[in-house]
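Here the structure comes first, spelled out in structure tokens, and everything after it is commentary.
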Amino acid sequence: MSTESDIDFVLRTVEKRDIRFVRLWFTDVLGNLKSFAISPEELEESFEEGIGFDGSSVDGFASLEESDMLAFPDPDTFSMLPWRPSDEAAVARVFCDVYTPDRKPFEGDPRACLNKVFTEADKKGFIPNVGPKLEYFYSESQIELVPRDDAGYFDLTPMDNANDLRRQTTLMLEKMSIPVQYSYHANGRSQNGVELRYTEAVSCADNIMTARLVIKQLAAQQGMYASFMPKPLASQPGSAMFLYQSLFDHDGENLFWAPKEENDAHLSPIARHYIAGILKYAPEFTLITNPTVNSYKRFISTGEVPNYATWGRKNRSALVRIPAHKPGKHSATRIELRSPDPTANPYLALAVTIAAGLKGIEDKLELPAESTCDTFLQTEEELAAQGIERLPRTLGEAIEKFRSSKVMREVLGDHIFDYIVREKKLEWNDYCTAVTDWERDHYYGGY
């Protein structure tokens, strides 16, 4: 919760650093970053009264009849934009919470949705922490992905010509107080990754939005294009957004850890119920964590991408993987959710996955047996006999699972829920009626 001292610190910094523009950031329902700038003179008033804007122009926000919105800056998210000039006309940014004119949280604001889930968890004694790992591709063209190197996973060779870009990205994020755990060359040609340090859920979503912009911004400055498309090339691995989740109590203790005497995975009963909740509701929240037609091109049976709602420790085809426990590092006990991709709105993706885990705790769901062998080697019949549910294979399947989910509607609220169903059905129908090059190559001359 922000305090007067937080606001005073921001106002003093703006004056001391001679900041001329303050950019107010928020996202639409689909996760696109939105922004408008105000002058420093308006900033103090904005903390108390908000800044009005037209919500009818923002996807998923409001109709023309109910278009007035108020953006209230969150002083805890204030940061300089280090790629802008610092000696003259300096620019800062601050994330905003969106309210209606009668000062109520706007139900179409994704950040408000995650804040609500976080607050409900906090009331139960849980503080959700998340560390994200984003993968993406560099290319010289925005029109077509042309790989620029032949480097592989963690390679450090002259072939990895993105080294400098990754270093600059890390430095830029750290200037914005976003610690980077590590950056690396990923499996695919010209594919890269960055893992951010874990933080509380809302801050994590803010950091993901910032990282996506910084990666694209720095690539553009080098005449490059950075793409978060989940599967841009059929012959190359897809890009994921791994989410490392854990619950802490108010004393800073990790509630997921348990001594080895309880189980080899070092998972507490709370952790086991949490994972069970994610497994149960994964088919229903997949539309949020994997929101595009292309998202499902990534779900192929390579052994690295989950196709079924399973968990395991050494099984990287599992939906939920348990990273190896480090002796004496109880605070590092966490789960790795492997299905999301970087096109997801991070506020909504964290809201639905955390809510699913909390629902598992609330209902004391039993964790099924660990998946110890790669599911892609088993038949559908064998998996069904074990009670293992398959994740949606297409956007169309994901929409149907999502629209019948009472839990997802409850978490997201009617406004966001109905908008997503409506927009994604249009997207799926457009895709189903589009005629592709593959179809012409295979059918045109033979019929």
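The values are calculated or read from the model by the stated rules, or taken from the named source; none is laboratory data. In this text the structure is predicted, and so the values were computed from the model without any measurement. Methodologically, a virtual Cβ is constructed for each residue, glycine included, from the backbone with ideal geometry; neighbour enumeration extends over all protein chains shown. The accessibility values were calculated without ligands, DNA or RNA, using every heavy atom of the protein model including side chains. Shrake-Rupley method; radii C 1.70, N 1.55, O 1.52, S 1.80 Å.
Observations on the structure shown:
- Every residue from segment 159-195 that is of a type in the set (A, V, I, L, M) and open to solvent by 60 Å² or more (accessible area, probe 1.4 Å): Met159, Leu171
- Tyr431 vs. criteria part of a helix (DSSP H, G or I), open to solvent by 80 Å² or more (accessible area, probe 1.4 Å), aromatic (Phe, Trp, Tyr) and in contact (Cβ under 8 Å) with a residue 12 or more places away in the chain: yes
Matching residues to (1) open to solvent by 90 Å² or more (accessible area, probe 1.4 Å); (2) modelled with pLDDT of 90 or more; (3) in a strand (DSSP E or B):
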{"site": "Phe9", "(1), (2), (3)": "yes, yes, no"}
{"site": "Arg23", "(1), (2), (3)": "no, yes, yes"}
{"site": "Glu41", "(1), (2), (3)": "yes, yes, no"}
{"site": "Glu44", "(1), (2), (3)": "yes, yes, no"}
{"site": "Phe47", "(1), (2), (3)": "no, yes, no"}
{"site": "Phe61", "(1), (2), (3)": "no, no, no"}
{"site": "Glu65", "(1), (2), (3)": "yes, no, no"}
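- Of everything listed in (1) crowded, with 22+ Cβ neighbours inside 10 Å; (2) modelled with pLDDT under 95, the single unmet condition for Lys329 is (1).
- Residues that are of a type in the set (S, T, N, Q), over 20 Å from the mean Cα position of the chain (by Cα) and open to solvent by 70 Å² or more (accessible area, probe 1.4 Å) are absent from segment 374-385 altogether.
- In segment 206-259, residue surrounded by the most Cβ atoms within 10 Å (Cβ to Cβ) [restricted to those that are assigned to a loop (DSSP other than H, G, I, E, B) and aromatic (Phe, Trp, Tyr)]: Phe256
- Segment 74-112: number of residues that are under 17 Å from Val22 (Cβ atoms), open to solvent by 80 Å² or more (accessible area, probe 1.4 Å) and of a type in the set (Asp, Glu): 2
- Condition met for Glu144 (among the acidic types (Asp, Glu), more than 17 Å from Val29 (Cβ to Cβ), open to solvent by 10 Å² or more (accessible area, probe 1.4 Å) and assigned to a strand (DSSP E or B)): no
- Qualifying residue in segment 406-418 (condition: under 19 Å from Tyr296 (Cβ atoms), of a type in the set (Asp, Glu) and surrounded by fewer than 18 Cβ atoms within 10 Å (Cβ to Cβ)): no
- Set Ala355, Ala271, Ala324: member being open to solvent by 10 Å² or more (accessible area, probe 1.4 Å), hydrophobic (A, V, I, L, M, F, W, C), part of a helix (DSSP H, G or I) and more than 19 Å from Gly396 (Cα to Cα): Ala355
- Just one of the listed residues (Phe126, Phe118) is aromatic (Phe, Trp, Tyr), closer than 29 Å to Thr169 by Cβ, in contact (Cβ under 8 Å) with a residue 60 or more places away in the chain and open to solvent by 20 Å² or more (accessible area, probe 1.4 Å), and it is Phe118.
- The listed residue being among the aliphatic types (A, V, I, L, M), out of contact with any Ser or Thr (no Cβ under 8 Å at 6 or more places or on another chain) and closer than 26 Å to Gly238 by Cα, out of Ile143, Ile127: Ile143
- For first residues located in segment 235-259 and farther than 24 Å from Leu367 by Cα, partners that are part of a strand (DSSP E or B) and among the acidic types (Asp, Glu) and lie 6+ apart or on another chain with Cβ distances below 7 Å form the pairs Ser239/Glu135; Ala240/Glu135.
- Residue check for Ala398: among the aliphatic types (A, V, I, L, M), modelled with pLDDT under 95 and either open to solvent by 40 Å² or more (accessible area, probe 1.4 Å) or more than 29 Å from Phe256 (Cα to Cα) (or both): no
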